[in-house]
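Readers should treat all values here as calculations from the given coordinates under stated rules, not as data from a laboratory. Fair warning: this is a prediction, and the values are worked out from it, not measured in the lab. So basically every Cβ, Gly included, is an ideal-geometry build from the backbone, and we count neighbours across all protein chains shown.
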Amino acid sequence: MKKNRFLLPVAVHLFLLNEDKILLSRRYHTGYEDGNYSLVAGHIDGGETIVQAMIREAREEIGINIFSEDIKITLVMHRKSEDERIDYFLHCDKWQGEIKIMEPDKCDNLEWFPINNLPSNTIPYIARAIKKYLHGINFDTFGFEVIS
């Protein structure tokens with residue numbers, strides 16, 4: 001009898017940078033971390049690369065075009081919350097178009113924050129990923145820590 005393989009959802013997150021600031025979006029009516037700040041992000045749909053997924057999500061969520069030659073994979077995180085997942089964090093500091101909320105049913109604020117002074121209501125794994133990025137660390141785990 002063939003055993004089913006363990007599968008992980010894969011997500012992409014965008015560190016959109018403007019000098020010493022990073023763009024954060026406040027989640028709204030999603031059922032997950034509503035009212036807290038996150039990054040432009042989404043799941044890979046299948047049949048697309050990590051970079052293609054990030055390009056699509058940037059266009060869908062904030063209406064901008066980013067290009068593969070301007071995107072760098074910065075951090076990979078193996079994360080455990082309700083389930084386990086793999087998160088890719090990509091950064092970019094060039095784009096075309098005007099940044100605006102394209103999904104007002106999921107986001108109620110876009111704001112540039114100093115990358116070294118994030119709001120207190122930043123989702124914890126997002127804040128940790130940004131901190132790791134600032135320290136040049138490119139792999140991390142989150143949510144597996146044992147608290148005794």
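When the residues of the stretch 72-96 are filtered to those that are of a type outside the set (S, T, N, Q) and assigned to a loop (DSSP other than H, G, I, E, B), which remaining residue is surrounded by the fewest Cβ atoms within 10 Å (Cβ to Cβ)?
Result: E82.
Listed here are the residues, each with its yes/no results for (1) within 14 Å of F89 (Cα to Cα); (2) out of contact with any strand residue (DSSP E or B) (no Cβ under 8 Å at 6 or more places or on another chain).
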residue	(1), (2)
P104	no, yes
E111	no, no
I126	yes, no
I137	yes, no
D140	yes, no
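Residue by residue through the stretch 63-85, note down the ones that are under 16 Å from P124 (Cβ atoms) and in contact with a Leu (Cβ under 7 Å, 6 or more places away or on another chain).
Listed by number, the list holds a single entry, R85.
So if I check each of F113, F144, F139, which one is of a type in the set (A, V, I, L, M, F, W, C), within 16 Å of the chain's Cα centre (by Cα) and loosely packed, with under 12 Cβ neighbours inside 10 Å?
The match here is F139.
Go through the stretch 115-129 and give me each residue that's over 15 Å from R27 (Cα atoms) and touching a Lys or Arg at 6+ places or on another chain (Cβ under 8 Å).
I115, the sole residue that qualifies.
Being in contact (Cβ under 8 Å) with a residue 40 or more places away in the chain and either of a type in the set (S, T, N, Q) or under 17 Å from S25 (Cβ atoms) (or both) is the filter here; which residues of the stretch 67-82 pass it?
Answer for the stretch 67-82, where residues must be in contact (Cβ under 8 Å) with a residue 40 or more places away in the chain and either of a type in the set (S, T, N, Q) or under 17 Å from S25 (Cβ atoms) (or both): T74, S81.
Please work out which one of (1) farther than 21 Å from A127 by Cβ; (2) of a type outside the set (G, A, S); (3) touching a residue at least 40 places away in the same chain (Cβ under 8 Å) is the condition L39 fails and give its number.
L39 satisfies every listed condition except (1).
Inspect all residues belonging to the stretch 105-124 and state whether any of them is under 15 Å from L17 (Cβ atoms), in a helix (DSSP H, G or I) and free of Cβ contacts under 8 Å to residues at least 60 places away in the same chain.
no
Taking the conditions exactly as written (touching a strand residue (DSSP E or B) at 6+ places or on another chain (Cβ under 8 Å), surrounded by 15 or more Cβ atoms within 10 Å (Cβ to Cβ) and assigned to a helix (DSSP H, G or I)), does I55 satisfy them or not?
Numbers: touching a strand residue (DSSP E or B) at 6+ places or on another chain (Cβ under 8 Å): yes; surrounded by 15 or more Cβ atoms within 10 Å (Cβ to Cβ): yes; assigned to a helix (DSSP H, G or I): yes.
In short, yes.
Can you name the condition, by its number, that I62 falls short on among (1) crowded, with 19+ Cβ neighbours inside 10 Å; (2) over 14 Å from F15 (Cβ atoms); (3) of a type in the set (A, V, I, L, M)?
The failed condition is (2).
Going by the conditions given, is I99 in a strand (DSSP E or B) and either in contact with a helix residue (DSSP H, G or I) (Cβ under 9 Å, 6 or more places away or on another chain) or of a type in the set (A, V, I, L, M) (or both)?
When the stated conditions are applied, I99 does not pass them.
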